[in-house]
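The values are calculated or read from the model by the stated rules, or taken from the named source; none is laboratory data. None of the values given here were measured: they were computed from a predicted structure. In this analysis, Cβ positions are derived from the backbone assuming ideal geometry, glycine residues included, and neighbour counts consider all displayed protein chains.
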Amino acid sequence: MVKYSLHEMGFSAEEKFPRQSGITALWVILTLILTAGTILGVNGILRKDGFELELSKAPKLLIISIIEDFGIQGYFIFFILLFFIYFTLKLIMTLILCSDKNHSTCLKILESKALPVCACREAFKVWQIVIMYCIPVAVIYAPIFSLCIWSEANPGVMIILLFLAFFMAFDLTLVIFVLYIKAKYKIDYISVDYHVYGFTLYHRPYIRINKKSGKLK
């Protein structure tokens with residue numbers, strides 16, 4: 001929903017800036033969970049009886065062969081490609097959920113952290129924010145996790161996934177904060193102004209109907 005439209009409809013707006021210490025702590029925790037979960041998950045699957053033997057009989061994956069042919073540069077190019085795909089997916093998801101697809105959304109660098117983020121001038125329902133950030137995480141993480149398994153925990157691929165986990169955890173931190181804000185403030189719409197560092201909360205206006213207070217539909 002375009003912010004101007006919300007203001008015209010009488011929605012109240014309130015800015016919120018979560019404490020950076022809380023953001024950093026949750027970001028670190030989620031990064032560690034993704035990192036530990038990836039390592040334990042891949043090793044656990046590979047140690048299953050007979051699974052590693054079956055993998056050893058299977059032909060090497062073509063994508064791994066191509067990457068290895070280029071050496072370190074191959075892994076670096078693969079990481080950049082995945083990085084680009086991840087942020088492109090976020091941009092696409094945001095555009096799909098935007099009402100103004102021509103002027104509302106862009107990729108930019110978050111000034112305070114020098115991290116690329118998807119910026120949008122619109123406000124969304126909480127479920128839209130969850131979809132917007134969780135789908136790109138799932139679309140990228142699941143296949144690369146599988147690639148780690150089928151490449152028998154190839155160190156280069158594992159490191160790439162762990163680097164990507166750092167950025168994924170940043171977005172999942174945003175999702176958790178948005179869900180927390182929804183539960184605490186009972187908001188109707190939320191605008192992600194500075195990724196997880198700044199939000200604008202929108203509440204539906206109240207009207208008087210037969211001396212009773214009710215939300216405007």
For region 132-180, which residues satisfy the criterion of being touching a strand residue (DSSP E or B) at 6+ places or on another chain (Cβ under 8 Å) and not β-branched (Val, Ile, Thr)?
-> 132, 167, 170, 174, 177
In the set 30, 115, which member is modelled with pLDDT of 95 or more and within 15 Å of the chain's Cα centre (by Cα)?
-> 30
Within region 89-106, is even one residue assigned to a strand (DSSP E or B), within 15 Å of the chain's Cα centre (by Cα) and under 30 Å from residue 157 (Cα atoms)?
-> no
Hey, residue 136 touching a Lys or Arg at 6+ places or on another chain (Cβ under 7 Å), touching a residue at least 12 places away in the same chain (Cβ under 8 Å), over 11 Å from residue 192 (Cβ atoms) and not charged (D, E, K, R) or not | yes
Kindly establish whether residue 85 is loosely packed, with under 14 Cβ neighbours inside 10 Å, at negative phi and without any contact (Cβ under 8 Å) to a residue 40 or more places away in the chain.
-> no
Find all pairs meeting these conditions: Cβ atoms under 7 angstrom apart; at least six residues apart or on different chains; first residue within region 120-133 and touching a residue at least 40 places away in the same chain (Cβ under 8 Å); second residue outside any strand (DSSP E or B) and among the polar types (S, T, N, Q).
-> 120/94; 120/104; 121/104; 122/99; 122/104; 132/94
Only one of (1) loosely packed, with under 11 Cβ neighbours inside 10 Å; (2) at pLDDT below 90; (3) not in a helix (DSSP H, G or I) fails for residue 54. Which number is that?
-> (3)
Matching entry among 145, 177, 124 (being of a type in the set (Phe, Trp, Tyr) and closer than 23 Å to residue 80 by Cβ) = 145
If we keep only residues of region 139-188 that are β-branched (Val, Ile, Thr) and within 11 Å of the chain's Cα centre (by Cα), then the residue surrounded by the most Cβ atoms within 10 Å (Cβ to Cβ) is 173
Among residues of region 57-79 being at pLDDT 90 or above and closer than 17 Å to residue 140 by Cα, the residue surrounded by the most Cβ atoms within 10 Å (Cβ to Cβ) is 78
